[in-house]
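One structure follows; several queries about it will come next.
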Amino acid sequence: MMPSYFFAHGAPSIVLEDNEYAQLLKNFKDHTPRPKAIVLFSAHWEEPVQTVGAAETYDTIYDFGGFQDELYEMTYPAKSDRPLSGQVQSLFLKHGIQSVQNESRGLDHGAWAVLKLLYPDADIPVVALSVNRNLPNEQQYKIGKALAELREQDVLIIGSGGTVHNLGRLKWQSEGIDEWAEQFDNWLQSKLETWDTEALFQYRELAPNAQEAVPTSEHFIPLLLAMGTGDSNRKAKLLHRSYQYGSLSLSYWEFN
């Protein structure tokens, strides 16, 4: 069964960097079975109703400003898989989740920056999925769980976001780690590794520094979505964690 993954996408410039985390993503394809398709939830695509991407060929969306010129010249012209998009909608319907299809939206940097590192040739079909920060955490997990059977069909499911993502607290010249960010991620790691969904669904009330680490939830949601796809086996493994700018977490989780 294909594992599912959560990747923090960090700053858009991650795709140009040569740090340990970027290298791990670049090497991902060398030790992972090649998927027949990729289903990806991005923190940067928010919709009030679960939306399923089905563009024939995705445009590249530059939803950021002030970064290197080279980033605005990059493209990731992945094709969608419309039969798979339809299957995703059928699975959502089966589990009581309303969804709609979008045939025009491209891939935002939460999607293409990660995919550019994982599969730079853009030669694997992609079904992009939106997130909705207004749903309860239990429902986020349920949305991921609804897609679990795709893992048996060699479909790679990815959540792209960030566990600690507070742009107002970034220290652009810092190479250290802010203690408050590490405390939150340590708590999160302990609950993920023990599959303590009861605590995770209440992370805002229970986790140290949760309000600071997750001022808005759209970047955290993809973690719960990816986790939900692993509900049958309930095995979570942290493969990497580091930080940029003091507190922007670069974490890489496998759910199997």
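How much length would be gained if the chain were fully extended between ASN134 and SER242, taking 0.36 nm per residue of separation minus their Cα-Cα distance, in nm to one decimal?
36.0 nm
Compare the Cα positions of VAL52, GLY86, ASN132 along the charge dipole of region 23-148 (+1 at Cβ of Lys, Arg; -1 at Cβ of Asp, Glu; about the Cα centre) and return the one farthest towards the positive end.
Of VAL52, GLY86, ASN132, it is GLY86.
Another one. Within the chain, how many Lys pairs that are eight or more residues apart, or on different chains, come under 16 Å at the alpha-carbon?
Lysine pairs satisfying the spacing and distance rule in the chain number 9.
Rounded to the nearest 0.05, what FRET efficiency do ASP231 and GLU70 have when you use their Cβ-Cβ distance and R0 = 35 Å? Walk me through the numbers before you get to the answer.
Working: r = 40 Å, r/R0 = 1.15.
Working from the Cβ atoms, E equals 0.30.
Using helices alone, I'd like the mean residue ellipticity at 222 nm for the chain: each DSSP H run of four-plus residues gives -39500 (n - 2.57), total over residue count, nearest 500.
Details: 9 runs with 77 residues, N = 256.
Rounded to the nearest 500, the figure is -8500 deg cm²/dmol.
Let me ask something else. Need the full-extension length gain, LYS79 to LYS36, defined as separation in residues times 0.36 nm minus the C-alpha distance. One decimal, nm.
Fully extending the segment from LYS79 to LYS36 adds 14.3 nm.
Dipole magnitude of the chain about its Cα centre, charges +1 at Lys/Arg Cβ and -1 at Asp/Glu Cβ only, in debye to the nearest 20?
That gives a dipole near 720 debye.
Please arrange ARG234, ARG151, ARG169 by how many other C-beta atoms lie within 10 Å of their C-beta, fewest to most.
ARG234, ARG169, ARG151
So what's the gap between the Cα centers of region 152-227 and region 43-63, to the nearest angstrom?
With region 152-227 and region 43-63 each reduced to a Cα centre, they are spaced 22 Å.
By counting other Cβ atoms within 10 Å of each Cβ, how are SER130, SER160 ranked from fewest to most? Each step should come with its number before you reach the end.
Details: SER130 22, SER160 30.
By the 10 Å Cβ count, ascending, the order reads SER130, SER160.
In addition: Summing +1 for each Lys or Arg and -1 for each Asp or Glu, what net charge is found among the other residues whose Cβ lies under 10 Å from the Cβ of SER217?
Combined, the nearby Lys, Arg, Asp and Glu give +1.
Here is a follow-up. Which residue fluctuates most in the GNM of the chain (Cα springs below 10 Å): THR57, THR229, THR194?
Comparing THR57, THR229, THR194 in a Gaussian network model of the chain, the most mobile one is THR194.
Every number here is computed from the coordinates shown, using simple stated rules; none is lab data. Predicted model only: the values in this text are computed from it and were never measured. Heads up, the Cβs are rebuilt from the backbone with ideal geometry, glycines too, and the neighbour counts pull from every protein chain shown.
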